[in-house]
1. Only counting other Cβ atoms within 10 Å, I'd like 40, 153 sorted with the fewest neighbours first.
2. From the square roots a ≥ b ≥ c of the eigenvalues of the alpha-carbon gyration tensor of the stretch 186-279, which class results: rounded (a/c under 1.5), prolate (a/b over b/c), or oblate?
3. For a footprinting-style exposure proxy, rank 256, 228 by other Cβ within 10 Å, fewest first.
4. Stretched out fully, how many nm does the piece from residue 167 to residue 42 gain, at 0.36 nm a residue minus the Cα gap?
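Coordinate-derived values only; no laboratory data. Source: prediction; values computed, not measured. No Cβ is skipped: glycine too gets one built from the backbone with ideal geometry, and neighbour counts run over all protein chains shown.
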């Protein structure tokens, strides 16, 4: 029969003690390197903050938009701190660990990239939007059925404030992939207004009076001009469209330009007895009949 080995408690305790002693010796021997690695890493953190402040001032002087400054500063901080981290690992003689970390990071990065394709797409689109001169913070844009002032462009979405003061958050990919209109990129915009006059009107006189009324309140610049054209014969009026240029950096500027134009045209028509007719339907209920008739009434009736 085999003789059973007896468990020696003192030998086990001695082994643990020797192991702890080896660890302690290793810690004491590597303590200077550990302290130096920590100090180096902390120094690089301070360097990243200081260099970021300098970069922020330089970008402010060049009037670079906020989103571009924010992303540039974050990337610079990440590069400097990562460089300091690798140097700290080198001081601790952890080159093999560094290689394993980089290899593992590649595998993990691939898995995360596959799982977060939508988020990564928004991030890439955010970088593109931040450096895109066609859209900047403070611009008035119209996109994806919304219109408002751009408040923020970050790595995930763009935030705009509508006329009703509500904020709309739109994913960056929606802006990059779809069309958008930026009212703030051009200082001048063309406004189109339609109206109609009665069939009894002198059309040449109507054109002259309408163009004169618009020219008094909207000064055209350079090659700009007021354009007037009749579009066709309506049910109760001869319809026309008038186009003119005005200062415009927001959607509301077009709205109030039309408001001023309507007031000026109506006032001029009243002064020259020009009618703006509108249709009205009259219902006649007889004893055994029903008749519907459409007539037009002028603004002076």
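1. Ordered from fewest to most neighbouring Cβ atoms within 10 Å, 40, 153 come out as 40, 153.
2. In terms of gyration-tensor shape, prolate.
3. Taking fewest neighbouring Cβ atoms as first place, the list is 256, 228.
4. 41.0 nm
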